[in-house]
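The values are calculated or read from the model by the stated rules, or taken from the named source; none is laboratory data. Worth saying up front: this structure is predicted, and the values here are computed from it rather than measured. Ideal geometry is used to build each Cβ from the backbone, glycine not excepted, and the neighbour counts take in all protein chains shown.
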Amino acid sequence: MLHDVDGFARGERCLVIHPHLKKTSRKEGGASVRGPEARLDEIVGLSEAIELDIVETQIVSVTDLKPGSYFGKGTVERLDAIIKSRDVGVVVIDAQLSPVQQRNLERAWEAKVLDRTGIILEIFGERARTKEGRLQVELAHQSYQRSRLVRSWTHLERQRGGAGFMGGPGESQIEVDRRLIDQRITKLKKQLVEVKRTRELHREARRKVPYPIVALVGYTNAGKSTLFNRLTHSDVFVKDQLFATLDPTMRGLELPSGTNIILSDTVGFISNLPHELVEAFHATLEEVLEAEIIVHVRDISHPDSEAQKADVESVLKGLGVDDERVGSAMIEVRNKCDVLSPDDYELQSNIAKRADPPVVLMSAVSGEGLETFLALIEERLSSSHETITVCLSPTEGKLMSWMYTNGEVLERTDADDGVHLTVRFEPSNARRFEQMKR
């Protein structure tokens, strides 16, 4: 649901702006390898995801950021003429605006202004499904709104008194609102502690299930959910738009050899994620740390595919997935090969044949490459198996039974000192065995 405080509606006429900073800083630029056209396309996609009617798009060159209005006076006036002539009600700016900048631009243009943080908050608010997802997004939204209370109460500024009186009704109302938001933030944080505790109990229960986890990760709209649905015959929400999936979804899957795995579909990654949403975003990705195999699904037809790959790998490193694990536990799926031109298809096909570590060229829509993909998962799982030799006493019959059920017994010798077993385990079961032996 769109938040009332921003005062806009679905279908409202919208101008989308990507400010192209000539002196791009690391903080502002983020994924500086992207060109301004690609950045504009992405913010347009975000705007379409909340069903705004985009009537104009602009790449605006910015030399120096103005603390009060972000853009210079001439640019503000030029854009105002476009806003008035096109009857624009919402302006989306692909930048993180300060509360003062946002307020001043809204006054100058007499239109609602959404920055990158605001629009992603809207999308996350609509798409969150799990209890924790909703709590994390509301917490991020409350923190964002708290910083913008000055904007919400601009209509009271005229009421502030003179003659040394510093406060006034407007100032008091801001303080009341701030206190209410702070109380809500405190309550949300307490609820999150409980939800996280419950989720950890669920994760502990899942660790006892002898199935490896395979996690799908990738840039938003890369086709992860389409692949997930094809593999598991599920009906996870799929739409050709950014952030169609927010919360992680898990399903059981039997591989062609009969091996069972748990497949996890995760939230799509995005460049320059607003800092208010980093914690909410990472909370949905914790399943990745439990995964035996990480499948990086890429939209290979996207002109920005390489930059998107760099963003995904950066987020994974931030989660604690190191380079060694990326090399040993990662499978790269180059998805959407069905929409490539014949020349690009041939190029990608040749790359996939020579790639090390392996790359799978695939279409989650048509199913091309699916058999190769599943065979590669089985190969990775079997190559990561650990062989353990142990001597069990006759009283350890329960543990022996567990080993037969959850591993492949390669050799058994019954001797006077006990039963000697050599067993091959998947990594997850090898870890469980070590915990059981302690």
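Reported count of residues in the stretch 240-281, each being at pLDDT below 80 and hydroxyl-bearing (Ser, Thr, Tyr), is 2. Selection within the stretch 282-303: residues that are charged (D, E, K, R) and modelled with pLDDT under 90. The member of this set that is farthest from Leu188 (Cα to Cα) is Glu292. The residue that is modelled with the highest pLDDT, counting only those in the stretch 191-239 that are hydroxyl-bearing (Ser, Thr, Tyr) and in a helix (DSSP H, G or I), is Thr226.
The listed residues are Arg10, Arg103, Arg78, and the only one of them that is modelled with pLDDT of 90 or more, within 23 Å of His141 (Cα to Cα) and basic (Lys, Arg) turns out to be Arg103.
Residues that are under 26 Å from Arg34 (Cβ atoms), of a type in the set (Lys, Arg) and touching a residue at least 12 places away in the same chain (Cβ under 8 Å) number at least 1 in the following helices (runs of 4 or more DSSP H) confined to the stretch 58-137: 116-127. So in the stretch 361-408, with the set limited to residues that are among the polar types (S, T, N, Q) and not in a helix (DSSP H, G or I), which one is modelled with the lowest pLDDT? The selected residue is Ser384.
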